[in-house]
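What follows is a single structure, written as structure tokens, with notes after it.
What follows is calculated from the coordinates using simple rules that are stated; it is not laboratory data. None of these values were measured; they are calculated from a predicted model. Quick reminder, even Gly has a Cβ in these numbers, built from the backbone with ideal geometry, and neighbours come from all protein chains shown.
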Amino acid sequence: MSASPPSGVSGPGTVYLVGAGPGDPELLTLKAHRLLRQCDALVYDALVPKALLDLVPPGCERRFVGKRRGHHSVPQPSTNAVLVALAATHRMIVRLKGGDPFLFGRGGEEAAHLASHGIPVQVVPGVTSGIAAPAYAGIPVTHRRAGSSVTFVTGHEEIDKARRGVDWQGLARSSDGLVIYMGLHNLARICQELMAGGLDPSTPAAVIQQGTVRGQRSLVAELGSLAERVDQEAFSSPSIVVVGAMVAERIEACAPTPADAEMPIPF
């Protein structure tokens with residue numbers, strides 16, 4: 001079944017998969033800012049700053065498709081269907097995603113689905129929380145004194161994946177540092193697996209909650225006690241976990257001040 005094209009357009013509208021950044025509205029890219037100012041449809045996630053939603057023109061159609069653990073979520077096939085339907089009736093659709101669309105954001109799945117329907121799609125990268133949240137806590141994710149590699153990994157996988165899950169013990173042996181997304185729920189098991197893989201319990205580690213925005217707080221501890229400390233101090237999602245010698249290079253004095261995600265963008 002083919003969709004009718006937007007008025008005045010010879011084909012379907014274009015969908016832009018746009019990275020909203022980690023939460024601080026001022027970390028939005030200039031290209032993302034321009035597209036938000038021009039779009040006539042917006043599809044957005046739960047972690048998108050309110051200030052960015054206020055950038056769209058009056059009359060822009062908005063669709064919320066947020067996904068958060070423990071809350072009602074819009075299934076991915078439903079989101080795909082929303083994007084296809086909007087492309088049939090709108091000229092410029094911004095699919096606004098927290099962080100970067102192609103890093104644990106399902107942007108690849110959405111791009112493939114749109115392309116299979118003949119819908120033009122473009123990707124606008126965004127600042128990812130795995131770099132920004134540690135930076136706002138003064139932690140560099142790479143450092144010459146802390147090794148030569150860093151791995152970005154998800155701590156929350158789909159249980160129906162045909163392939164084997166994350167090999168945490170293998171990562172303990174193969175990477176100098178880990179930046180773990182969505183890892184708080186499985187943190188105790190992850191820490192146990194990393195130590196079983198050879199990481200010393202005294203390995204520096206950190207958790208940054210609500211990175212880059214007001215309410216940000218961080219915890220630095222040894223790997224062996226990290227999960228217990230997180231429970232004791234009631235850390236919650238969204239949080240980034242950092243494990244490795246780079247945590248010991250933390251310079252708190254250089255960390256930016258977390259922003260108010262609801263304050264208007266000053267440009």
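Our summary of shape: the Cα atoms of segment 130-252 have principal axis extents of 39, 30, 23 Å, ordered from largest down, in whole angstrom. Look at Ile265, Ile208 and count the other Cβ atoms within 10 Å of each Cβ; fewest to most, that gives Ile265, Ile208. Relative to the dominant Cα principal axis of the chain, helix 76-87 is inclined by about 30°. The angle separating the long axis of helix 107-116 from the principal Cα axis of greatest extent in the chain is about 30 degrees.
In the calculated pair distance distribution of segment 14-127, what percentage of Cα-Cα distances lie above 18 Å?
43 percent
Suppose R0 equals 25 Å. What FRET efficiency, 1/(1 + (r/R0)^6) with r the Cβ-Cβ distance, do Arg63 and Thr29 give to the nearest 0.05?
0.70
As a rough footprinting exposure proxy, the listed residues Met182, Met263, Met246 were ranked by other beta carbons within 10 Å of their own, and the order from fewest upward is Met263, Met182, Met246.
Please state the equivalent ellipsoid semi-axes for segment 68-215: what are the square roots of 5 times the Cα gyration tensor eigenvalues, largest first, in whole Å? Display every interim value, and only then the final one.
Details: eigenvalues 220, 65, 43 Å².
The equivalent ellipsoid of segment 68-215 has semi-axes of 33, 18, 15 Å.
For the chain, give the share of DSSP beta bridges that are antiparallel, in percent and rounded to the nearest 5; count only bridges with both residues there. Antiparallel: roughly 45 percent of the beta bridges in the chain.
Of the residues His156, His113, the one with the fewest other Cβ atoms within 10 Å heads the list, and the complete ranking is His156, His113. The mean sequence distance of close C-alpha pairs (under 8 Å, at least 6 residues apart), as a share of the length of segment 14-127, puts its relative contact order at 44 percent. Adding -39500 (n - 2.57) for every DSSP H run of four residues or longer, then dividing by how many residues the chain holds, sets the calculated 222 nm ellipticity at -7500 deg cm²/dmol. Panel values: the chain, Kirkwood radius from alpha carbon pairs, Stokes-Einstein at 37 °C and 0.692 mPa s, translational diffusion coefficient 167 µm²/s. Using C-alpha pairs below 8 Å separated by at least 6 residues, the relative contact order for the chain is 22 percent. Residues in segment 49-54 carry Karplus couplings, in order, of x, 4, 4, 6, 5, 6 Hz; the curve used is 6.51 cos²θ - 1.76 cosθ + 1.60 with θ = phi - 60°, and Gly or Pro positions show x.
Across the options Gly224, Pro134, Ala248, the greatest Cα extent toward the positive end of the charge dipole of the chain (unit charges at beta carbon of Lys, Arg, Asp, Glu) belongs to Pro134.
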